[in-house]
1. Can you pull out every residue in region 44-53 that is part of a helix (DSSP H, G or I) and either crowded, with 24+ Cβ neighbours inside 10 Å or at positive phi (or both)?
2. Test each condition in (1) in a helix (DSSP H, G or I); (2) closer than 30 Å to LEU93 by Cα for ASP178 and report the one that comes out false.
3. Collect the residues in region 135-155 that are surrounded by fewer than 24 Cβ atoms within 10 Å (Cβ to Cβ) and either in contact with a helix residue (DSSP H, G or I) (Cβ under 6 Å, 6 or more places away or on another chain) or among the acidic types (Asp, Glu) (or both), keeping them in residue-number order.
4. Only one of (1) crowded, with 23+ Cβ neighbours inside 10 Å; (2) of a type in the set (D, E, K, R); (3) at positive phi fails for GLU122. Which number is that?
5. Would you pick out the residues in region 93-126 that are touching an Asp or Glu at 6+ places or on another chain (Cβ under 9 Å) and over 20 Å from ALA77 (Cβ atoms)?
6. State all residues of region 86-121 that are free of Cβ contacts under 8 Å to residues at least 60 places away in the same chain, touching a Ser or Thr at 6+ places or on another chain (Cβ under 8 Å) and more than 16 Å from GLY143 (Cα to Cα); if no residue qualifies, say none.
7. For region 92-101, indicate whether the set of residues that are under 22 Å from GLY39 (Cβ atoms), part of a helix (DSSP H, G or I) and not aliphatic (A, V, I, L, M) is non-empty.
8. I need the full set of residues from region 196-231 which are loosely packed, with under 15 Cβ neighbours inside 10 Å and under 25 Å from the mean Cα position of the chain (by Cα), in order please.
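The values are calculated or read from the model by the stated rules, or taken from the named source; none is laboratory data. Please read these numbers as outputs of a predicted model, since none were measured by experiment. With ideal geometry, Cβ positions are generated from the backbone for all residues, glycine too; neighbour counts draw on all protein chains shown.
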Amino acid sequence: MSQLSAVRIAVAGFVLSAAPALALAQAKPSDSELSFNAGLAHLRENRPDLALEQFKKAVKEDPKNAYAYKGLGLTYAQLRKFPDAIAAFRRALQLNPYYVDVRNDLGTALVLSGKRAEGKAEFLAAFNDPTNPTPEISARNLGQAYFEEKNYPDAVNWFRTSFTRNRAYPDPYLGFADAVGAMGRPEEAVGPLEVAVKEVPGDAALLLALGQAYYRAGRFTEARNRLEEAARRDPAGATGRRANELIKNFPK
């Protein structure tokens with residue numbers, strides 16, 4: 001399924017958008033903005049060493065640029081330098097306490113560094129903040145953190161909260177399916193996953209999860225149909241390969 005939403009800039013819940021840079025942009029961008037945009041491009045294209053150089057430049061050119069500190073933190077996190085990432089995220093929040101999205105990143109870095117209680121506290125603070133534009137991400141991160149701790153009831157609760165807040169967000173549906181499966185109640189995943197594939201049509205991971213849920217519920221024809229669709233949607237990827245493996249093991 002899903003890993004920690006943070007380890008997903010390639011590691012799980014980190015998010016960096018071009019929107020802040022665009023919002024800051026003027027007719028003539030500052031040197032710090034130019035360095036930020038260059039760092040963002042390198043980070044998106046999986047060149048963290050070059051991204052680190054550019055974000056460091058952006059911070060040096062404008063020590064009060066909270067967006068540059070967020071970019072710096074994300075880069076350190078991708079390089080798995082979590083103490084440096086935590087320091088950068090905290091500096092971004094010092095500069096802009098209303099930059100709520102950074103709490104998700106800080107929480108993720110703390111969890112990945114082994115400071116799980118502190119990390120969950122940051123996710124919860126982000127979720128509770130009325131200015132948070134993406135509370136579903138904070139809820140999903142909490143769900144994933146509890147899932148990794150094998151606290152499945154709390155994981156289920158937070159995953160459900162996440163997809164209730166944003167029905168078109170795929171990750172919490174996958175987490176929910178894993179959590180109810182771990183509790184021995186895989187049939188409970190069917191209803192939410194059916195909603196998910198309607199909300200996000202064509203998502204191979206959701207189709208795979210729904211196919212697995214149907215299979216566990218003994219609905220083999222529906223399971224095969226969904227798995228075949230998942231394989232078509234992702235013919236060369238890991239999801240498609242997994243779907244094909246499951247189809248081969250169907251009862252004759």
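1. ALA51
2. (2)
3. Once the filter is applied, which keeps residues that are surrounded by fewer than 24 Cβ atoms within 10 Å (Cβ to Cβ) and either in contact with a helix residue (DSSP H, G or I) (Cβ under 6 Å, 6 or more places away or on another chain) or among the acidic types (Asp, Glu) (or both), region 135-155 yields PRO135, GLU136, TYR146, PHE147, GLU148, GLU149, TYR152, ASP154.
4. (3)
5. TYR98
6. If the condition is that a residue be free of Cβ contacts under 8 Å to residues at least 60 places away in the same chain, touching a Ser or Thr at 6+ places or on another chain (Cβ under 8 Å) and more than 16 Å from GLY143 (Cα to Cα), then ILE86, TYR98, VAL100 are the ones that fit.
7. Yes, region 92-101 contains a residue that is under 22 Å from GLY39 (Cβ atoms), part of a helix (DSSP H, G or I) and not aliphatic (A, V, I, L, M).
8. If the condition is that a residue be loosely packed, with under 15 Cβ neighbours inside 10 Å and under 25 Å from the mean Cα position of the chain (by Cα), then LYS198, PRO201, GLY202 are the ones that fit.
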